[in-house]
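One structure is given below, encoded as structure tokens.
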Amino acid sequence: MAMEYYEGVGRRKEATARVRIYPGGEGNIVINDRPLEDYFSRMMDVILLRKPLEVTETADRYDISVLVEGGGIKGQAGAIQLGIARALLEADPDLRPPLRHGGYLTRDARVKERKKPGLKKARKAPQYTKR
């Protein structure tokens, strides 16, 4: 018997998260086969990715399974947040207004700027010497 789920893909910087939400759960979140609290040690990241669930008041209605790769901790948390929001929208289109109002359906397009030739980093120039 295949379990019904809704899927959403979230990306942030170099991180990509594939999120599946299973209706009728108790609010368990598993990331890369590890419990949420084991995967993210900082509480701020946990709060960040739970926001779409809190705004829509659906935290205890779904079990969530996440496969995330690439990027750093903060980027992964942001990717999971977007993935959860997109999966919730797929499960219930009526949740669009609160998700849109909170800004959870917008992909954060900011990425690291490339290094330019003649500079030390993207914008940092070598120190100017007059003589």
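Some observations on this one:
- Test: Leu99 is touching a Gly at 6+ places or on another chain (Cβ under 7 Å) and either closer than 24 Å to Ala15 by Cα or in a helix (DSSP H, G or I) (or both): no
- Residues satisfying the stated conditions in segment 15-46, i.e. assigned to a loop (DSSP other than H, G, I, E, B) and of a type in the set (A, V, I, L, M, F, W, C): Phe40
- Looking across segment 101-131, the residues that are within 15 Å of the chain's Cα centre (by Cα) and under 19 Å from Glu57 (Cβ atoms) come down to Gly102, Gly103, Tyr104, Leu105.
- Looking across segment 97-106, the residues that are out of contact with any helix residue (DSSP H, G or I) (no Cβ under 6 Å at 6 or more places or on another chain) and surrounded by 10 or more Cβ atoms within 10 Å (Cβ to Cβ) come down to Arg100, His101, Gly103, Thr106.
- Criterion violated by Glu113 - all others in (1) assigned to a loop (DSSP other than H, G, I, E, B); (2) touching a residue at least 24 places away in the same chain (Cβ under 8 Å) satisfied: (2)
- Residue match in segment 109-128 (condition: closer than 28 Å to Val9 by Cβ, surrounded by 15 or more Cβ atoms within 10 Å (Cβ to Cβ) and of a type outside the set (Phe, Trp, Tyr)): no
Let's see how each residue does on (1) among the polar types (S, T, N, Q); (2) touching a residue at least 24 places away in the same chain (Cβ under 8 Å); (3) in a helix (DSSP H, G or I):
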position	(1), (2), (3)
Val55	no, yes, yes
Thr58	yes, yes, no
Asp63	no, yes, no
Val66	no, yes, no
Gly75	no, yes, yes
Ala79	no, yes, yes
Ile84	no, yes, yes
Ala87	no, yes, yes
Asp94	no, no, yes
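- Among the numbered conditions (1) hydrophobic (A, V, I, L, M, F, W, C); (2) buried (at least 18 other Cβ atoms within 10 Å of the Cβ); (3) closer than 16 Å to Gly78 by Cβ, the only one that Ile21 does not meet is (3).
- Single residue of segment 58-96 satisfying the filter (β-branched (Val, Ile, Thr) and out of contact with any Ser or Thr (no Cβ under 9 Å at 6 or more places or on another chain)) that is farthest from Arg12 (Cα to Cα): Thr58
- The single condition among (1) modelled with pLDDT of 95 or more; (2) of a type in the set (A, V, I, L, M); (3) outside any strand (DSSP E or B) that Leu49 does not meet is (1).
The values are calculated or read from the model by the stated rules, or taken from the named source; none is laboratory data. The shown structure was predicted, so the numbers you read here are calculated from the model rather than taken from an experiment. Cβ sites come from the backbone with ideal geometry, for glycine too, and all protein chains shown count toward neighbours.
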